[in-house]
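The next block holds one structure in the form of structure tokens; read it before the comments.
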Amino acid sequence: MVFLIPRSGGCPPTRVPDASPDMASSSSSADVSRRRFLQIGGTVAAGGLVGTTGCATAGLATAPQGTAPAVDVMVIGAGFAGLAAALALKAAGRSVLVLEARDRVGGRTLTLALPDGGWVDEGGQWVGAGHDRFYHWIRETGHRTYPSPNVGDWLVTGPADTARRRVRDNWDALPGMEVVSAHKATLQAMADQLDPAAPWTHPEAQRWDGITLAQWLADQVPDDRIRGFMIGDMSYACASPEQISLLSFLALLRACVGFDKLNGFEDAAQQDRLIGGVQPVADGMARLLGDEVVRLRQPVRRVRWSETGGATVYTDALAVEAGHVIFAGPPTLMGAIEYAPSLPTQRAQITQHWPQGLVVKVGFVYDRPFWREQGLSGGSLEHTAWLSETADSSAPPEHSRKGVLTGFLYTNAAREASLVRAPERRARLLDELASRFGETARTPERIVEMNWSTQVWTRGCYGGYLAPGATWAFKGAMRDPVGPLHWAGTETSSVWPTFIEGAIRSGERAAAEVLAAR
């Protein structure tokens with residue numbers, strides 16, 4: 001029997017091989033006959049996800065005659081959340097299939113290899129204190145870390161004037177920094193009161209979710225310069241302060257421990273980087289699952305599900321029955337899939353209030369890390385510039401002699417820059433770098449820009465954020481299972497959301513839900 005959906009147009013039909021023996025090992029014969037790959041006689045209507053894909057035939061073969069085995073769990077998305085979920089299920093003896101819309105694994109990580117052996121991470125690149133599960137999978141896949149380059153002075157335009165200063169351990173000496181620290185202490189104290197898994201349970205949750213972070217800052221921080229500095233220093237929400245509620249920001253702060261862990265290097269979130277980049281770790285996780293488990297170029301269009309009877313997942317080429325489904329992609333994309341029957345109101349609505357953030361990442365590759373010759377770390381903060389933040393992303397010299405500066409354009413700056421043609425945009429970015437690091441910064445060998453909001457299967461980075469009022473209104477719908485349907489992705493994590501660590505933990509949490517339900 002061949003299990004396929006004929007495609008219209010010139011694409012040949014895709015054929016699906018039998019699952020491996022391991023996939024069938026935990027299923028009874030009754031399950032095998034009930035939950036299986038389906039033979040469909042017509043084309044499934046392409047609904048839901050924005051974007052198109054080509055013929056999805058790579059790596060698939062003809063299935064032998066006979067009945068296909070059941071798949072216990074379908075995972076949608078082969079980023080770190082989906083891969084972690086699938087590995088946890090495989091370790092527990094469950095049969096699992098992972099469908100990924102892209103032609104690669106890794107989700108919001110992407111590593112570009114440089115000719116001399118170096119690399120540029122176009123997506124997530126750091127691992128740090130508290131990222132225990134990410135460190136685990138780095139070790140399991142045979143990869144290594146190295147301390148993030150952060151030796152030398154930072155160049156910082158402070159909160160109280162426009163002067164650019166060199167700072168290392170004397171941040172508190174910046175004019176106006178005592179005021180910034182006092183306001184951040186207030187926010188930290190508020191965040192520490194929250195339950196990171198259920199921030200809507202706080203007595204002030206409804207009120208805090210009803211005002212934006214911008215409103216709170218306007219009320220509490222009257223000085224425009226200090227307020228602007230604070231907004232630039234709190235960019236990890238990936239939303240401008242007018243877009244995110246005070247409660248959502250506090251919940252993010254609480255789930256990531258606090259300002260010091262979020263912003264820091266040593267013993268903090270940016271502590272280490274990976275030899276060879278981050279995406280190879282995802283590749284290694286996929287290899288542990290095997291080619292028969294991870295299927296690329298398979299965007300999911302439709303899911304038919306029953307409260308008690310599992311689900312059938314449809315791509316352009318496949319229809320697969322599963323006992324449970326884990327959705328491990330950006331919430332806005334998962335919400336755009338067609339569901340039959342429709343999802344409950346709370347779940348259907350929450351994804352409409354859960355956009356992806358906007359951050360543009362730019363890598364500048366030089367013949368050497370020249371800034372170190374000036375005693376500079378490569379780190380800079382200038383909240384009024386397009387490149388409001390830079391960091392040294394160079395490899396250890398035994399791997400590459402190139403110098404790599406990573407720059408970030410957050411929210412409003414990213415929107416403004418996206419309206420400018422590439423030559424003019426790059427010229428302005430180089431002007432900003434040259435003003436900080438000297439004329440040598442104006443002549444990189446290569447510029448690597450990544451705007452994840454234009455990537456059809458991502459739509460934004462680092463993560464999504466709930467709009468004002470949504471956290472209070474929808475409460476646990478962000479991660480509560482719906483019958484056989486389960487929700488993962490870094491946005492759903494109550495520990496280190498927006499980080500790779502949060503993605504991994506969310507996938508393992510969803511896998512645990514599935515195992516507990518059987």
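Key figures for this structure:
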| read-out | value |
| --- | --- |
| Calculated on alpha-carbon atoms, Rg and Dmax of segment 381-518 in Å | 20.0, 63 |
| 19 Å tail of the calculated P(r), segment 441-515, as % of Cα pairs | 51 |
| For segment 260-267, 3J(HN,Hα) per residue [Karplus equation, 6.51 cos²θ - 1.76 cosθ + 1.60, θ = phi - 60°, Hz, x = Gly/Pro] | 4, 6, 5, 8, x, 10, 5, 6 |
| Cα-based radius of gyration of the chain once divided by 2.2 N^0.38 Å, which approximates compact folds | 1.00 |
| Amide H contacts of VAL75 (H built 1.01 Å from N, under 5 Å, at least 5 apart or other chain) | LEU97, VAL98, LEU99, ILE326 |
| Residue-by-residue Karplus 3J(HN,Hα) for segment 452-467, coefficients 6.51, -1.76, 1.60, Hz, glycine and proline x | 5, 5, 8, 7, 4, 9, 10, 6, x, 8, 6, x, x, 9, 7, 5 |
| Sum of -39500 (n - 2.57) over DSSP H runs of 4+, divided by residues of the chain (222 nm, nearest 500) | -8500 deg cm²/dmol |
| Whole-Hz ³J(HN,Hα) from phi, Karplus 6.51 cos²θ - 1.76 cosθ + 1.60, for segment 215-220, glycine and proline x | 4, 4, 5, 4, 6, 9 |
| 1.4 Å probe accessible area per residue over the chain, in Å² | 38 |
| Normalised alpha carbon radius of gyration of segment 69-188 [divisor 2.2 N^0.38 Å] | 1.59 |
| Segment 167-271, accessible surface, carbon-and-sulfur percent (1.4 angstrom probe) | 49 |
| Approximate spin-label separation THR201-ARG446, in nm, with each point projected 7 Å along Cα-to-Cβ | 4.9 |
| ARG446 long-range amide H proximity, modeled H, under 5 Å | VAL365 |
| Longest exposed-site-free window of the chain, the sites being GluC sites (Glu not before Pro) in a DSSP loop that have at most 10 other C-beta atoms within 10 Å | 1-306 |
| Per residue convex hull volume, Cα atoms of segment 205-326, in Å³ | 210 |
| Estimated FRET transfer efficiency when R0 is 30 angstrom, pair ASN170-ARG401 (beta carbons, to 0.05) | 0.45 |
| Cut-off 10 Å between beta-carbons: net charge of the residues surrounding LEU97, Lys and Arg +1, Asp and Glu -1 | -1 |
| Long-range amide H partners of ALA319 with built H, under 5 Å | LEU38 |
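The values are calculated or read from the model by the stated rules, or taken from the named source; none is laboratory data. Note that the structure is a prediction, hence the values are computed from the model and not measured. So basically every Cβ, Gly included, is an ideal-geometry build from the backbone, and we count neighbours across all protein chains shown. SASA here: full protein model, heavy atoms, side chains in, ligands and nucleic acids out. Shrake-Rupley method; radii C 1.70, N 1.55, O 1.52, S 1.80 Å.
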